[in-house]
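The values are calculated or read from the model by the stated rules, or taken from the named source; none is laboratory data. What you see is a predicted model, and the numbers here were worked out from it, not measured in a lab. Don't worry about glycine lacking a Cβ; one is built from the backbone with ideal geometry, like all the others, and counts go over all protein chains shown. Ligands, DNA and RNA are excluded from the accessible area calculation, which covers all protein heavy atoms including side chains. Shrake-Rupley method; radii C 1.70, N 1.55, O 1.52, S 1.80 Å.
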Amino acid sequence: MERFPVTRASTSRYDSIDYGNLRFGRYFSDHMFQMDFENGSWGTPQIVPYAPMAIEPANLTFHYGQTVFEGLKAYLHPTGAVSMFRPGKNLERMTRSCRRLCIPDFPEDQVLEGMKQVIDLDRKFIPTEEGHSLYIRPFAFAMDNLLGVQESTRYRLLVITSPVAAYYPEGIKPVKLDVPGDYIRCARGGTGTAKTAANYAASLLPAKLARQAGYTQVLWLDADEHRYIEEVGTMNIFFVIGDEVVTPALSSGTILEGITRMTAIELLKDWGYTVHERRITIDEVCEAQSAGQLKEVFGTGTAAVISPVGEIHYMNQTMTINNFAIGEVGQRLYDEITGIQYGTREDTRGWNVMI
Ligand code: COI
């Protein structure tokens with residue numbers, strides 16, 4: 001594909017980045033990919049400096065949240081090569097999110113190419129420390145300025161990148177989850193499978209309350225019966241009960257279709273584990289814990305990678321899982337997935353897309 005036009009940044013942000021204290025999503029690279037939709041079609045893609053944008057106060061995105069996003073990462077291999085992990089899956093999911101939010105289909109091949117070109121241009125921003133990476137954030141949003149509740153006729157699609165450390169301050173150490181009694185993430189027919197701002201906005205208050213009570217995140221139950229486990233909001237969830245690995249089925253239409261989730265299921269099946277995508281209640285988890293059958297709990301996500309869960313709090317019960325240590329299944333998945341991503345294990349399935 002052709003090189004997209006580039007307007008270079010006049011100064012670099014690189015020297016202002018504290019690579020020794022990176023954390024998640026605090027710093028941004030010099031350039032971003034941009035593509036605008038107007039008069040019924042997407043215009044010429046371009047690469048421009050990462051900089052403040054002029055957006056009118058009446059921009060529809062601020063008022064009614066017509067916006068979607070994705071998250072994926074670029075990894076530096078020991079050879080100096082750089083790869084992204086299954087980026088086509090993120091772009092397919094972004095298209096599904098766009099359709100749910102009435103944002104017009106975008107050319108996935110051009111955005112994939114744009115991601116490659118912008119990462120290549122800002123290659124020096126990719127962190128070298130183990131476990132760190134360049135987080136890639138594609139997103140699209142309304143550009144019409146009006147206060148009627150309606151879909152926009154103009155849109156902007158951007159891809160920004162951010163050198164990052166682990167998402168949770170705990171790193172790969174186990175996190176603590178709280179099951180909120182009063183709140184839900186989304187209901188059937190809502191926007192739960194779309195990666196859209198509203199789902200995350202709705203999670204802020206329950207997540208803040210959970211944090212104040214000493215938990216890292218919340219574990220959501222379904223909206224209808226408040227019994228079935230759904231996801232964590234920043235990651236999907238897996239339980240190892242006896243010899244079975246269980247993760248909530250996507251069929252409810254209220255759970256994000258995680259790409260790390262899909263990868264974990266594929267690997268576990270290849271390795272001969274019994275994996276079931278099915279409905280699972282919080283009571284089943286509590287009973288498995290009482291019976292000594294709850295061996296491991298872990299979350300999966302691009303930002304979270306594989307994140308062991310050491311404690312779950314539900315009503316007046318606190319379950320400590322696997323003595324608050326990462327379990328065998330979670331560790332094996334972490335090692336394999338990060339090994340493939342960072343190029344230290346063979347990528348036999350063709351998941352890496354080289355830059
Ligand atoms: C991701 O895992 O990439 C996410 O989008 C989760 C979170 C950072 C919003």
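Would a scan of the range 327-347 turn up a residue that is modelled with pLDDT of 95 or more, hydroxyl-bearing (S, T, Y), exposed (fewer than 15 other Cβ atoms within 10 Å of the Cβ) and within 20 Å of K176 (Cβ to Cβ)?
no
Can you spot a residue in the range 55-64 that is of a type outside the set (V, I, T), within 16 Å of the ligand (Cβ to nearest atom) and outside any strand (DSSP E or B)?
No, the range 55-64 has no match at all.
Quick one: count up the residues across the range 320-355 that are closer than 15 Å to T216 by Cα and assigned to a strand (DSSP E or B).
1
Take K195 and tell me if it is within 22 Å of F24 (Cβ to Cβ) and out of contact with any helix residue (DSSP H, G or I) (no Cβ under 6 Å at 6 or more places or on another chain).
No: the conditions fail for K195.
I'm checking my understanding of the structure. Among residues of the range 7-24 that are part of a loop (DSSP other than H, G, I, E, B) and closer than 16 Å to I119 by Cα, which one is nearest to the ligand (Cβ to nearest atom)?
In this case the residue turns out to be R13.
Condition first: of a type in the set (F, W, Y) and open to solvent by 60 Å² or more (accessible area, probe 1.4 Å). Can you find one or more residues in the range 188-209 that meet it?
No, the range 188-209 has no match at all.
Give me the pairs, please: first residue somewhere in the range 53-77 and open to solvent by 70 Å² or more (accessible area, probe 1.4 Å), second residue anywhere and more than 16 Å from the ligand (Cβ to nearest atom), beta-carbon distance under 6 Å, and either six or more positions apart or on two chains.
Cβ pairs passing all conditions: E56/N145; Y64/V149.
Only residues that are under 27 Å from L112 (Cα atoms) and within 16 Å of the ligand (Cβ to nearest atom): list them for the range 144-176, please.
L158, V159, I160, T161, S162, P163, V164, A165, A166, Y167
Name, by its number, the condition in (1) closer than 30 Å to I136 by Cβ; (2) modelled with pLDDT of 95 or more; (3) among the polar types (S, T, N, Q) that does not hold for T302.
Here T302 meets the rest and fails (2).
For the list (1) open to solvent by 40 Å² or more (accessible area, probe 1.4 Å); (2) under 30 Å from Y64 (Cα atoms), I need the number of the one condition that E129 fails.
(2)
May I ask you to say which residue of E296, E277 is without any contact (Cβ under 8 Å) to a residue 60 or more places away in the chain, over 30 Å from D109 (Cα atoms) and in contact with a helix residue (DSSP H, G or I) (Cβ under 6 Å, 6 or more places away or on another chain)?
Step by step, each of E296, E277 is checked, and only E296 is without any contact (Cβ under 8 Å) to a residue 60 or more places away in the chain, over 30 Å from D109 (Cα atoms) and in contact with a helix residue (DSSP H, G or I) (Cβ under 6 Å, 6 or more places away or on another chain).
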